[in-house]
Amino acid sequence: MDLRKLEVFCKLMETRSFSRTAEEISLRQPTVSGHIKTLEEEIGIRLFDRDGREVLPTSAAEVLYGYALRILDLRTEAGYALEQFMGRVGGQLKIGGSTIPGGYILPILMGKFHQRYQEAFLSLVLDDTKGIVERVLSGEIEIGVVGAEIGHENLEYRLLLQDELVLTVPPDHPWAATGVLLDVRDLTKTPFILREPGSGTRTTMLNALKRLNIGVQDLNVIAEMGSTEAVRQAVKAGLGVSILSKIAVTDEITFNLIKAVEVPGLNLKRQFYIVINNKRTRSPLCQVFLGYLGKNIPESLQLQRGKHE
């Protein structure tokens, strides 16, 4: 069987769309259709049925899919083995990060890694945790760093570091003077800025408040924003207070643009995890980067490092 046709077949199994398959592997749609037709003629059995616009794989396609993935993985593994034999640490590595890891942690790590391995080309994909996990499962990216574990038998999670959320207020806010909020119920009495539903920061915060019998309906929410950066700027501008990742506001706290206020009794710690797909062959560059992540957390993040390497 021609390996290119198997690649097209596997992508069509994943997308269930001839047009999306053509777009994702940079072919014209008639070329995709031609590859599938030739493959069907070669093996003597129909692989896909069409129901309107929907592409439905046959039982034969389900059987072939598992073997096709293994064949393509073996080809990739052979290439990786030759690279290792030649002592190369190069090539391209696609990494994914959810909001905080992708915006504040991975760029630092990638920059320092590239200083050591200058032949490596690293690209970063940003998405929410669910999106990053799905991309790792599909093989679009080899490594993800996320703020929550989403269970799947093919996935392995490794603790990277620990983050802490902090209550952030404008420098002229009454709470900024003491730096400590004596009564957690006071959070319900001041204008509050929330991250959007599905945000890991929002989920961690609301879970912590729930343990103290405070729900989102109890907060005086005046705005909801779709990124940490937007909330950070809003707090600096005096719009309200919010709970944000300490990693994301370290510079603002250092330069007195935002004040961090302690809230006794409110546990706002969370973990960031490396996620990898154990059913897919990892490139030598991926293996080297994983080893680097385990040993080279920058000093600026050391205080947030998890207890387990």
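The values are calculated or read from the model by the stated rules, or taken from the named source; none is laboratory data. Just so you know, these numbers come straight off a predicted model, no measurement behind them. Ideal geometry is used to build each Cβ from the backbone, glycine not excepted, and the neighbour counts take in all protein chains shown.
Suppose we filter 164, 156, 149 for residues that are surrounded by fewer than 16 Cβ atoms within 10 Å (Cβ to Cβ) and over 24 Å from residue 244 (Cβ atoms); which single one remains? After applying the criteria, what remains is 156. Filter the range 170-185 down to the residues that are over 15 Å from residue 235 (Cβ atoms) and more than 34 Å from the chain's Cα centre (by Cα), then identify the one that is modelled with the lowest pLDDT. The qualifying residue modelled with the lowest pLDDT is 182.
Just to be sure before I move on: is residue 166 in the same structural domain as residue 186 (by TED's automatic domain parsing), outside any helix (DSSP H, G or I) and at pLDDT 90 or above in the structure I sent? Yes; evaluated as a whole, the condition is true for this residue.
Checking each residue in the range 98-127 for being part of a helix (DSSP H, G or I) and either more than 23 Å from residue 232 (Cα to Cα) or among the hydroxyl-bearing types (Ser, Thr, Tyr) (or both) picks out 99, 104, 110, 111, 112, 113, 114, 115, 116. If you scan the range 263-272, which residues turn out to be surrounded by fewer than 20 Cβ atoms within 10 Å (Cβ to Cβ) and either outside any loop (DSSP other than H, G, I, E, B) or of a type in the set (Lys, Arg) (or both)? Selection gives 269, 271. Residue 114 meets the conditions (1) surrounded by 14 or more Cβ atoms within 10 Å (Cβ to Cβ); (2) within 30 Å of residue 201 (Cβ to Cβ); (3) at pLDDT below 90 in every case but one. The failed one is (1). Within this structure, residue 6 fails the test of being within 22 Å of residue 139 (Cβ to Cβ) and either assigned to a loop (DSSP other than H, G, I, E, B) or over 30 Å from the mean Cα position of the chain (by Cα) (or both). Out of (1) out of contact with any His (no Cβ under 9 Å at 6 or more places or on another chain); (2) modelled with pLDDT of 90 or more; (3) crowded, with 21+ Cβ neighbours inside 10 Å, what's the single condition that is false for residue 248? That leaves (2) as the condition not met. Please indicate, with yes or no, whether at least one residue in the range 77-97 is out of contact with any helix residue (DSSP H, G or I) (no Cβ under 9 Å at 6 or more places or on another chain), within 30 Å of residue 235 (Cβ to Cβ), among the small types (Gly, Ala, Ser) and part of a helix (DSSP H, G or I). No, the range 77-97 has no match at all. The residue list 283, 242 contains one member that is among the small types (Gly, Ala, Ser) and in contact with an Asp or Glu (Cβ under 9 Å, 6 or more places away or on another chain), which is 283.
Among the residues of the range 142-161, those that are in a loop (DSSP other than H, G, I, E, B) and either out of contact with any strand residue (DSSP E or B) (no Cβ under 6 Å at 6 or more places or on another chain) or at pLDDT 90 or above (or both) comprise 142, 148, 150, 151, 152, 153, 154.
Screening the range 211-252 for residues that are in a helix (DSSP H, G or I) and over 26 Å from the mean Cα position of the chain (by Cα) and picking the one that is nearest to residue 163 (Cα to Cα) gives 236.
Okay, residues lined up against (1) among the hydroxyl-bearing types (Ser, Thr, Tyr); (2) at pLDDT below 90; (3) over 15 Å from residue 67 (Cα atoms):
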site	(1), (2), (3)
2	no, yes, no
5	no, no, no
13	no, no, no
18	no, no, yes
28	no, no, yes
34	no, no, yes
38	yes, no, yes
42	no, no, yes
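The criterion of being free of Cβ contacts under 8 Å to residues at least 40 places away in the same chain and touching a Lys or Arg at 6+ places or on another chain (Cβ under 9 Å) does not hold for residue 151. Residues that are assigned to a strand (DSSP E or B) and either buried (at least 19 other Cβ atoms within 10 Å of the Cβ) or not assigned by TED's automatic domain parsing to the domain that holds residue 199 (or both): does the range 59-73 have at least one? Within the range 59-73, not a single residue is assigned to a strand (DSSP E or B) and either buried (at least 19 other Cβ atoms within 10 Å of the Cβ) or not assigned by TED's automatic domain parsing to the domain that holds residue 199 (or both).
Apart from one condition, residue 165 fits all of (1) out of contact with any Leu (no Cβ under 7 Å at 6 or more places or on another chain); (2) of a type in the set (A, V, I, L, M); (3) touching a residue at least 12 places away in the same chain (Cβ under 8 Å); the exception is (1). With the structure loaded, tell me whether residue 139 is small (Gly, Ala, Ser), within 24 Å of residue 293 (Cα to Cα) and at pLDDT below 90 or whether it fails that test. Considered against the rule, which asks whether it is small (Gly, Ala, Ser), within 24 Å of residue 293 (Cα to Cα) and at pLDDT below 90, residue 139 comes out as yes.
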